[in-house]
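Asker: I have a structure I would like to understand better, so I am pasting it below and will then ask my questions one at a time.
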Amino acid sequence: MMENKCYIIMGVSSSGKTTMGKYAAKILGCDFIDGDDLHPEANIEKMSAGIPLTDGDREPWFVIIGKEANDYLTKNKSIVIACSALKLKYREILRREISSIHFIYLKGSYGAILAQMQARKGHFMPESLLQSQFDILEEPTDQESDVTILPIGKGEKERLDNLFKLP
């Protein structure tokens with residue numbers, strides 16, 4: 001049996017975090033939480049107005065995500081959460097907050113993700129902020145052993161299936 005864990009599906013806006021997060025939760029037979037739903041209202045208002053969030057805006061959000069994750073883990077349940085986690089220091093905060101964690105980084109080019117963003121309807125994140133997300137993105141390195149890189153595009157669901165195959 002797999003260890004209970006919090007899986008953070010990470011990447012820039014429109015990389016597919018919600019879609020792939022729901023798919024991962026289905027594979028694992030656990031719940032999914034969209035981290036966007038946990039943002040304080042002030043954060044959503046800023047992003048809706050085209051204003052990038054600061055580190056200070058994000059830190060309380062990471063604490064909320066950590067609390068939600070640990071609520072599941074203390075009940076001996078896994079959880080999948082979509083959360084951008086764009087900088088190393090953000091991932092470090094989540095590592096401190098969450099007792100058992102693994103990141104899945106949805107990696108894609110600006111052009112591919114912009115096309116996905118343009119096809120998406122009804123989200124508060126404007127296209128104008130996508131570049132700011134790429135500007136602050138610190139892609140995970142080999143030093144982060146709790147991260148799996150999943151290139152977006154054709155075959156991503158099959159690669160996710162393989163990631164969660166039980167021994």
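Asker: Could you tell me what fraction of 2.2 N^0.38 Å the Cα radius of gyration of segment 35-167 comes to, as a two-decimal ratio?
Answerer: Working: Rg = 15.5 Å, N = 133, 2.2 N^0.38 = 14.1 Å.
This ratio for segment 35-167 stands at 1.10.
Asker: Can you give the charge dipole size of the chain about its Cα centre, rounded to the nearest 20 debye, using +1 on the beta carbon of Lys and Arg and -1 on the beta carbon of Asp and Glu?
Answerer: Working: 21 positive and 24 negative charges, 104 e Å.
It works out to roughly 500 debye.
Asker: For segment 1-123, give the percent of accessible area contributed by carbon and sulfur heavy atoms, probe 1.4 Å, rounded to a whole number.
Answerer: Values: 2960 of 5640 Å².
Here carbon and sulfur together make up 52 percent of the probe-accessible area.
Asker: Under a crude label model (7 Å from the Cα following the beta-carbon direction), how far is residue 51 from residue 26 in nanometres?
Answerer: About 3.8 nm separates the two model spin labels.
Asker: Taking the mean number of other Cβ atoms within 10 Å as a proxy for protection, how do you rank 109-118, 81-90, 58-67 from highest to lowest? It would help to have the intermediate numbers written out before the result.
Answerer: On the way: 109-118: 14.6, 81-90: 22.1, 58-67: 17.5.
Packing order, densest peptide first, comes out as 81-90, 58-67, 109-118.
Asker: Translational diffusion coefficient, Stokes-Einstein: compute it for segment 26-100 using the Kirkwood radius over C-alpha pairs as Rh, at 37 °C and 0.692 mPa s, and state it as an integer in µm² s⁻¹.
Answerer: Working: Rh = 13.1 Å.
Roughly 251 µm²/s, to the nearest whole number.
Asker: Jot down the per residue volume, in cubic angstrom and as a whole number, of the convex hull over the alpha-carbon atoms of segment 1-41.
Answerer: Values: hull volume 3.2 nm³, N = 41.
Convex hull of Cα atoms, per residue: 79 Å³.
Asker: Here's a follow-up. Once fully extended, how much extra length lies between residue 64 and residue 139, figured as 0.36 nm per residue of separation less the alpha-carbon to alpha-carbon distance?
Answerer: Contour length minus the Cα-Cα distance gives 24.7 nm.
The values are calculated or read from the model by the stated rules, or taken from the named source; none is laboratory data. The structure displayed is predicted, hence computed values, not measured ones. So basically every Cβ, Gly included, is an ideal-geometry build from the backbone, and we count neighbours across all protein chains shown. The protein model used for the area step is the full one, side chains on, heavy atoms only, and it has no ligands, DNA or RNA in it. Shrake-Rupley method; radii C 1.70, N 1.55, O 1.52, S 1.80 Å.
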